[in-house]
1. Given the DSSP H assignment, sum -39500 (n - 2.57) over each helix run of at least 4 residues in the chain and divide by its residue total; what's the result at 222 nm in deg cm²/dmol, nearest 500?
2. Just tell me which aspartates and glutamates come within less than 17 Å, Cα to Cα, of Lys230; anything on the same chain fewer than 8 places away is out.
3. What is segment 94-145's relative contact order, in percent, from Cα pairs under 8 angstrom and six or more apart in sequence?
4. Just the Cα atoms of the chain: what Rg and Dmax do they give in Å?
5. Pairs of alpha-carbon atoms within less than 8 angstrom and 6+ residues apart define the contacts here; what relative contact order does the chain have, in percent?
6. So what is the relative contact order for segment 118-271, in percent, with contacts set as C-alpha pairs under 8 Å and at least six apart?
7. Compute all pairwise cysteine Cβ distances in the chain, then list the cysteines with no distance under 4.7 Å to another cysteine.
8. Is the C-alpha gyration tensor of segment 185-318 telling us rounded, prolate or oblate? Criteria: a/c under 1.5 is rounded; beyond that, a/b larger than b/c is prolate, otherwise oblate.
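Every number in this text was worked out from the coordinates using simple rules, so none of it is lab data. Note that the structure is a prediction, hence the values are computed from the model and not measured. Note that each Cβ is placed from the backbone with ideal geometry, even for glycine, and that neighbours are counted across all protein chains shown.
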Amino acid sequence: MSIELPLVSIVAICYNQASYAVETLDSIIAQTYPHIQLIIIDDCSTDNSVEVIQNWIDENNVDCEFVIHSENMGVTKTCNDGLRMVKGKYYQLIACDDILNPNKIEKQVQLLEENIHVAMVYSDVFLIDQDSNVTDDSLLKMTSYFPNLPTGDIFSELAKDNFIPAPSVLIKSLVPDNIGFYDESLLYEDYDMFLRISRSYDILYIKENLAKYRTIPNQLSQVTKQNGIKELVRTKARLKHIGIKDEWDKTILIEIVRSVDGAMLIDRELTLEILKITLLYFKNCWLKLRFMALKLGLPSILVAKIFFKLRKFDSLYG
């Protein structure tokens, strides 16, 4: 391939991933696409990630930019830090525990170059464990859309759930300049950005597995807490789009209510936070009843069961 091909910037973000960083970085320099700007950011790891990464750079004589945060900034601020350094026509963010297939960038650049109206492409991914063994050949099998994943104008589908695997995407670098950088008030970056992109641009799906997504078992208490936090982030991301287009409002609201009712089974305080934010946008008696029941101290599981039984009368469920 020629050096005249468009530059692609890959931002590898590390936080306490010393055990996996080398595998991630190896997968980047193993790309069949030759014109890549590599940016590595360590977000103030407390393990030996910085030493591991620096040794990898030295041993492989890699031309890259290595940024070491002196304090932990969190995912979204770190993403923006990397985005400001991007020089390529296209960019990708990757956590330093995921892995790219060797032909990922090549295939996705070709698709984006052939479809100039498209802002982003995504694909399926393999699931791997802490030892890099493949545990499942598809993350997207878990979605209701499989095997016909949305492609093109996908906002209405994406508002229901985030089915896009973060390590699978490649994005036009001009897009954040037009719609804004990552929202630093959120704990997670991907869903909010994907929603904003899909509202203004087409997104294409490639029917291949182009990356590997690592899943590491956690204790049940950690998993339930993480799920609750994700529901909160999704709610904040969805609320930004209310009133932009009337036909989206009902879909977005239904998904927020489902988030509320699901979060009640996980964490009372997170549910109250979701409701507090939602009630700023919707003066709805059904939402207010949920909020009041939790504030009165009723067990959240009981509240969830009550509103499940009342669902047929609940206007929020249509």
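1. Estimated from H runs of four or more residues: -13000 deg cm²/dmol.
2. Asp161, Asp183, Glu184, Glu189, Asp190, Asp192, Glu255, Asp261, Asp267, Glu269, Glu273
3. Relative contact order, segment 94-145: 20 percent.
4. That works out to 20.7, 67 Å for Rg and Dmax.
5. 16 percent
6. Values: 210 pairs, mean separation 48.5, N = 154.
Reported as a whole number, the value is 31 percent.
7. Within the chain, the cysteines lacking a partner Cβ under 4.7 Å are Cys44, Cys64, Cys79, Cys285.
8. oblate
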